[in-house]
1. So which of Asn395, Asn405 is touching a His at 6+ places or on another chain (Cβ under 8 Å) and either among the basic types (Lys, Arg) or assigned by TED's automatic domain parsing to the domain that holds Gly160 (or both)?
2. Working only within the range 291-303, note down all residues that are part of a helix (DSSP H, G or I), free of Cβ contacts under 8 Å to residues at least 12 places away in the same chain and either crowded, with 16+ Cβ neighbours inside 10 Å or of a type outside the set (Asp, Glu) (or both).
3. Of everything in the range 217-255, what is β-branched (Val, Ile, Thr), out of contact with any Phe, Trp or Tyr (no Cβ under 9 Å at 6 or more places or on another chain) and either at pLDDT below 95 or closer than 17 Å to Ala298 by Cα (or both)? Give them in sequence order.
4. Mind listing whichever residues of the range 271-283 are among the aliphatic types (A, V, I, L, M) and either crowded, with 17+ Cβ neighbours inside 10 Å or in contact with a Gly (Cβ under 6 Å, 6 or more places away or on another chain) (or both)?
5. Where the second residue is of a type in the set (Lys, Arg) and assigned to a loop (DSSP other than H, G, I, E, B) and the first is surrounded by 23 or more Cβ atoms within 10 Å (Cβ to Cβ) and lies in the range 328-345, which pairs have Cβ atoms under 8 Å and are six or more apart or on separate chains?
6. Evaluate the following for Asp258: is it at pLDDT 95 or above, under 20 Å from Thr312 (Cα atoms) and either of a type in the set (Asp, Glu) or not assigned by TED's automatic domain parsing to the domain that holds Ile152 (or both)?
7. Report yes if Tyr113 is in contact (Cβ under 8 Å) with a residue 12 or more places away in the chain, in the same structural domain as Thr378 (by TED's automatic domain parsing) and touching a Pro at 6+ places or on another chain (Cβ under 7 Å), otherwise no.
8. Counting only residues that are at positive phi and in contact (Cβ under 8 Å) with a residue 24 or more places away in the chain, how many does the range 122-169 have?
Amino acid sequence: MNQKRRKMTRRERERIMRKRARAKRRHRRMRRLAFYAKRLNYKHLTIFLAAIFVFLFSINSFIVKPIVSVLQDKPSVTTTVKKKTVKKKTPAAPSFEVNFKAVGDNVVHESAYKYANKMAGSPNEYDFSSIYSPIQSDLKNADLSFINQETIMGGGTPSGYPKFNTPDAMMNSLSSLGVDVVNANTNHTLDQGASGVAHMISLFKAQKKMMLLGIATNKSDYDTINYIEKNGLKFAFLSYTFGTNRSSTNRYNVKLFDTALIKKEIATAKANADFVIVSAHWGIEYTSTTNVLQDTYAKIFNQAGADVVIGTHPHVIQKMQWLTSAAGHKTLVAYSLGNFMSAQTTEARLLGGMLSCKFTKKNNIKSISNVEWIPLFTHIEASGISSGVINDISNMKVYKVKDYNDELAKKHILNKSSTKVTKASLTASTKRVIKQFTIDV
């Protein structure tokens, strides 16, 4: 039997309507949330997550930690860590040093090159290396070294005084000796004329180890200032002579003393180098005191700004001193280093000196220090002397006086005459001339 559906009361209908309305409102909210969720990009999501993290961290700091602290009956402690201030170290300024050695007149007399020919053991060949062997390490171990090649290497047949012509083999001996700078601007430069100058220049151009200083065949080379770099320092080398024994049709072969030229070249050199070294061929032969030309030009070199002046030509040693200009610039002047090697016939002409010093540049401040004079002596054993030259040499060597001894001195040709050469006499002769500087004996 079918039962009739009960008719809902008004209150029941109103309750159902309210439920449906709430359901519709929830549905609309869900649709809106879904809509905004689709529009939410990663940026908003990141911000949202960060906010949640900060919120949770705050809860941990201000709620959880105090509660745990209380439960553990331990007070909360705040620790402050001081950051260390670390100062960056300023890199040390670079320091540059060059140990310098200079020797005087390398005079090749006929008896000297004949002895070198004997050492070579073959006709027309020459070996000078044994002559310099006792002092080779001093020049070889220097960072920079200088020699005055008094006699021209002019090519052709060798000859001695008065028109010198040194065998080409001397160049190789100087190279083996460790020489860096060879001055050829002397009163003997033109002994073989302009062709001799041209020959020596071409000879040195064929090698790369040594700088040839002071001679030229054309204006371009004449006007060129020579520079050399060692251990981070740049040196300018200039050369001037008082004159030559013979003339030349080529005015560019040598550089003579000329005040305007000297000032101009030193100014240019100073602008392009750390140190300026001048080779000055001047003075009176066989005289241990300076003359007016030397004193005058030494002051000109100093006032112009040269750092070192290496004097040659007198064939005996002369004084060494510091000069200070009105502007405060200091110049070390060695007025004459004497003979480095020769076959002359007196103790004074066989006694020379090696200048030793150290160039330094640090924090852009330049200085010259450790200045020393090292006495040298040419030991010669021979059978005769004539015309002011020792002949028929059987043994010839250049020694430092501190390495020389009286047993060796007894064999010297000079001790066969009235002259008595000893280590003490050589030391005393040096000390009479070189004062206020360290003498290495």
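The values are calculated or read from the model by the stated rules, or taken from the named source; none is laboratory data. Predicted, not measured: the structure shown is a model, and the values here were computed from it. Cβ sites come from the backbone with ideal geometry, for glycine too, and all protein chains shown count toward neighbours.
1. The match here is Asn395.
2. The answer is Val292, Thr296.
3. Across the range 217-255, the qualifying residue is only Thr249.
4. Ala273, Val276, Ile277, Val278, Ala280
5. Tyr335/Lys319
6. yes
7. In short, yes.
8. 2
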